[in-house]
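The values are calculated or read from the model by the stated rules, or taken from the named source; none is laboratory data. What you see is a predicted model; the values in this text were computed from it and never measured. With ideal geometry, Cβ positions are generated from the backbone for all residues, glycine too; neighbour counts draw on all protein chains shown.
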Amino acid sequence: MRRTISPKAVFFTVALLLTQFRSDALLFGSDRKDQVRLARSGLAFEPDATLMNINNISMWVYSDGQSGNDPDGDSGVVFPRGTGGVVFADGIVWGGRVQDGANPLIRAGGQTYSTGLMPGSILSPGQAEDFTAPSVNRVWRIRRDYLTADLSREAAEFYLKDLSEVSTTDVELLRNRYARDWLDWPWQKGAPFYDAEGDGVYKPRFRSDGSPMLFPEADEPGLANADQAVWFVANDLDPGTIQSLFGSPAIGLEVQTTLWAFTGPEPLGNVIFKRYRFFIKGPQRRLIPPELTACILRSGRTPTSAVFMTISLDQTWLWTWATAIIRRT
Ligand SMILES: [Ca+2]
């Protein structure tokens, strides 16, 4: 049935394809590798890549939405940790009709083996943050016990080393990054936090030994009482990047991604949750019917996945899904 809309209305239907990709062919570009190597060398304090790796799964994520691949272009979702890759890359793909006066009507974006997004939020219609700034081209990550936790395995995964090769410096660099990310948690951009005072402002507090004070004693970054969380924001405004994906012009989407995970036994110890929030900040105001028309999952030889969907009321979409590894085949 044909949908009737107001002439002034902006209509954007979306078909979201949420899947995990396996490939033997695709590698990241040299720029990506260089950036990540720089970060891994410790020369860049605010890197654009990190891992979710607090339970039985380790998983690479990047500030431009690329996910699943490791910096060397290999499968970057490893289960159980320290063994072999089970997912080559993962991502979310959206497409639909955008009635904003520009052509073509059909637009698409997302991430597959490459990404149509660039790091940073959208400041005003058509204007994104400068993705070359280290404070923008960044992924934030927290865990509550960063000051005292044994981060040796994390360091081995982050620096792509054997555990026996991890140095004290490697571990301390990661610990410093956790401390910095806790301090710099980008709540003003939309990163979730527990608000002790209920004042809407994130104000972390620390004890004399440097350890962070936790909620409800103080504001705390994170979501769902998870043991580890990652947050970053990206946008589709860069014409070359978005068109290189599917040949589509930008929609004007800001995409905020949160990942979180829990320690402990199965099944929760084998799950990484991932939430996407979509904000429409295009050159012209676009209204989006709060509906999603399709969601397709793919499992097969890949880990079993599940999707949980909610729709917020402020013209944003909120998606939560989980990578849950039941068993490795
Ligand atoms: Ca507060």
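Looking for whichever is closer than 15 Å to Ile242 by Cβ, among the acidic types (Asp, Glu) and not in a strand (DSSP E or B) here; the options are Asp64, Asp145. Which one fits? Walk me through how you get there before you give the answer.
Working: Asp145 fails: closer than 15 Å to Ile242 by Cβ.
Asp64 is the lone residue from the list that is closer than 15 Å to Ile242 by Cβ, among the acidic types (Asp, Glu) and not in a strand (DSSP E or B).
Out of all the residues in region 186-206, is one or more exposed (fewer than 15 other Cβ atoms within 10 Å of the Cβ), touching a residue at least 40 places away in the same chain (Cβ under 8 Å) and within 19 Å of the chain's Cα centre (by Cα)?
No, that holds for no residue.
Does region 32-56 hold any residues that are farther than 25 Å from Glu254 by Cα and at pLDDT 90 or above, and which are they?
Asn53, Ile54, Asn55, Asn56
So how many residues does region 223-250 have that are hydrophobic (A, V, I, L, M, F, W, C) and touching a helix residue (DSSP H, G or I) at 6+ places or on another chain (Cβ under 8 Å)?
Start the filter on region 223-250 by keeping residues that are hydrophobic (A, V, I, L, M, F, W, C), which leaves 223-224, 226, 229-234, 237, 242, 245-246, 250.
The next check asks that each one be touching a helix residue (DSSP H, G or I) at 6+ places or on another chain (Cβ under 8 Å); those that pass are 250.
Count: 1.
What's the total number of residues in region 256-276 that are assigned to a strand (DSSP E or B), over 17 Å from Gly190 (Cα atoms) and at pLDDT 90 or above? Walk me through it before giving the result.
To start, the set of residues in region 256-276 that are assigned to a strand (DSSP E or B) comprises 256-261, 271-276.
Right, trim to over 17 Å from Gly190 (Cα atoms) and you get 261, 271-273.
From what's left, at pLDDT 90 or above: 261.
Selection size over region 256-276: 1.
Could you grab me the full set of residues in region 115-128 that are at pLDDT 95 or above and more than 17 Å from the chain's Cα centre (by Cα)?
Passing the criteria: only Ala128.
Can you name the residue in region 202-220 that is in a loop (DSSP other than H, G, I, E, B) and touching a helix residue (DSSP H, G or I) at 6+ places or on another chain (Cβ under 8 Å) and, of all such residues, is nearest to the ligand (Cβ to nearest atom)?
Among residues in region 202-220 that are in a loop (DSSP other than H, G, I, E, B) and touching a helix residue (DSSP H, G or I) at 6+ places or on another chain (Cβ under 8 Å), the one nearest to the ligand (Cβ to nearest atom) is Pro204.
Select from region 148-162 the residues that are closer than 20 Å to Asn69 by Cβ, part of a loop (DSSP other than H, G, I, E, B) and either without any contact (Cβ under 8 Å) to a residue 24 or more places away in the chain or among the acidic types (Asp, Glu) (or both) and list them in ascending order.
Selection gives Lys161 alone.
Scan region 174-201 for residues that are within 11 Å of the ligand (Cβ to nearest atom) and not hydroxyl-bearing (Ser, Thr, Tyr) and jot them down.
Within region 174-201, Trp187, Phe193, Asp195, Ala196, Glu197, Gly198, Asp199, Gly200, Val201 meet the criteria.
Filtering region 128-147 down to residues that are of a type in the set (S, T, N, Q) and touching a residue at least 60 places away in the same chain (Cβ under 8 Å), which residue is surrounded by the most Cβ atoms within 10 Å (Cβ to Cβ)?
Going through the qualifying residues, I end up with Asn137.
Any chance region 241-255 includes a residue that's within 16 Å of the ligand (Cβ to nearest atom) and either assigned to a loop (DSSP other than H, G, I, E, B) or more than 19 Å from the chain's Cα centre (by Cα) (or both)?
No.
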